[in-house]
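Comments concern the structure below.
The values are calculated or read from the model by the stated rules, or taken from the named source; none is laboratory data. The structure presented is a predicted model; accordingly, all values stated were derived computationally and were not measured. In this analysis, Cβ positions are derived from the backbone assuming ideal geometry, glycine residues included, and neighbour counts consider all displayed protein chains. Areas reflect the complete protein model, heavy atoms only, side chains present, ligands, DNA and RNA absent. Shrake-Rupley method; radii C 1.70, N 1.55, O 1.52, S 1.80 Å.
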Amino acid sequence: SSQRRGGDTLRKSSSSPSEACLAALAVQIWGCHGVRRGRGKACKRRILHLATVSLEPSVTEKLGRIVIDQELFDQLNFLAAKGQVSSARALFEQILASAKVQNGTVRSSQKSVPLSMLYGTMLKAFCNAGDVRGAEEMAYRAREEDVPMNHKFYGKLLETASKAGDVVMANKWFEESKAAGNRDGVHFNFMVEAYAKAGELDEAKKWIQRTRDAGVPTVTNMFNSLIFAYASRGQMKEAAGVIREMLQEGHDPEVSSFAALAVAAAQEGDDEAAERWMQQARDRKLECDNFDAEVSTQAAYTRLASASSTPEAAESWLRRLQETG
């Protein structure tokens, strides 16, 4: 069988192509003059992949929906959610090698997905593992193999960078996504999160303003990122200001937002302020009345007990934790 790209055909071989052949093919197909452009390794990697991968030619040519094993994909999704990169990568390669272009009826044991979804699922593994470089390599591989990179794909790259507080990579993916014509509010949110995680809080605030300037609605998570960052630094006044700001824009602070301020106050020995913020957290919990709010409240009591300046205060918070059931 063979692989095609740009009218040229690469045939499988039982032995590895020689270095000279690789160089010649790189120039003919992609114009990759490795010495001059410094892309020799990248070109070699692309040719080796095409020369050895067992995908049908039409999978990489058409880039449409592919048919894969349902159970294997579910396993990949599970591993990705757990951030188990090594196991997910092995399974990803196995699924990719056996993928077929959708052509007719899909059996119940199979799943029809866009090729970009398969790559996106693998990207989720890197994201949940906090592996910024691994996510970058996956993105480059997708690009080299002409896999479409839509706004969701870029969103996962941005999420990975934001979790790591890597503002350089976050800016890189944001600008690339913007150049591709994407205008997603989630992307702005990840930029705020990236700067907040990095401790660059003034820049994080600027990104909230850039969101407004772009005509994109702000979201609650943007403000929460700032609240948590300010609270963790003991900047209570600034954190309270963010809560006022989000209320003005019609966003309801979450239980965790008030709880973060309560914990910060307790860490500073201000039990009265901690009680005031926690009362607002309890009020918000009653308004929400959902599982997440319940969990956030219980977690806050535990953290408050640990942060309390006196044994008496810690005992008081633990009693309230027990009262929540």
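Sub-7 Å Cβ pairs linking a first residue in region 192-207 that is of a type in the set (D, E, K, R) to a second residue that is outside any helix (DSSP H, G or I), at least 6 apart or interchain, are LYS197/GLY165, ordered by first then second residue. Inspection of region 129-140 finds no residue satisfying the criterion of being open to solvent by 20 Å² or more (accessible area, probe 1.4 Å), at pLDDT below 90 and not β-branched (Val, Ile, Thr). In this structure, is ASP213 farther than 24 Å from PHE153 by Cβ, at pLDDT 90 or above and open to solvent by 20 Å² or more (accessible area, probe 1.4 Å)? Yes, satisfied. All told, SER296 falls short of being within 30 Å of LYS178 (Cβ to Cβ), part of a helix (DSSP H, G or I), modelled with pLDDT under 90 and out of contact with any Leu (no Cβ under 9 Å at 6 or more places or on another chain). Within region 183-210, the set of residues being under 20 Å from TYR154 (Cα atoms) and either basic (Lys, Arg) or out of contact with any helix residue (DSSP H, G or I) (no Cβ under 8 Å at 6 or more places or on another chain) (or both) comprises ARG183, LYS197, ARG210.
For every residue, the table says whether it meets (1) touching a residue at least 40 places away in the same chain (Cβ under 8 Å); (2) in contact with a Pro (Cβ under 7 Å, 6 or more places away or on another chain); (3) at positive phi.
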site	(1), (2), (3)
ALA97	yes, no, no
ASP131	yes, no, no
ARG143	no, no, no
GLY165	no, no, yes
GLU176	no, no, no
ASP184	no, no, no
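For region 238-279, residues that are under 21 Å from THR218 (Cβ atoms) and assigned to a helix (DSSP H, G or I) total 17.
Scanning region 152-181 for residues that are of a type in the set (S, T, N, Q) and buried (at least 18 other Cβ atoms within 10 Å of the Cβ) yields THR160, SER162, SER177. On inspection, ALA231 fails the criterion of being modelled with pLDDT under 85 and crowded, with 17+ Cβ neighbours inside 10 Å.
A quick yes/no check of all residues on (1) among the aliphatic types (A, V, I, L, M); (2) over 17 Å from THR160 (Cβ atoms):
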site	(1), (2)
ILE68	yes, yes
PHE73	no, yes
LEU79	yes, no
GLN84	no, no
ARG89	no, no
PHE92	no, no
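The number of residues in region 270-293 that are modelled with pLDDT of 80 or more and polar (S, T, N, Q) comes to 2. Out of the residues in region 234-269 meeting the condition of being at pLDDT below 85 and of a type in the set (Asp, Glu), tell me which one is surrounded by the fewest Cβ atoms within 10 Å (Cβ to Cβ). So the residue we want is ASP252. Restricted to helices (runs of 4 or more DSSP H) entirely inside region 147-236, those with at least 1 residues that are closer than 19 Å to LEU123 by Cα are 151-164, 167-179, 185-197.
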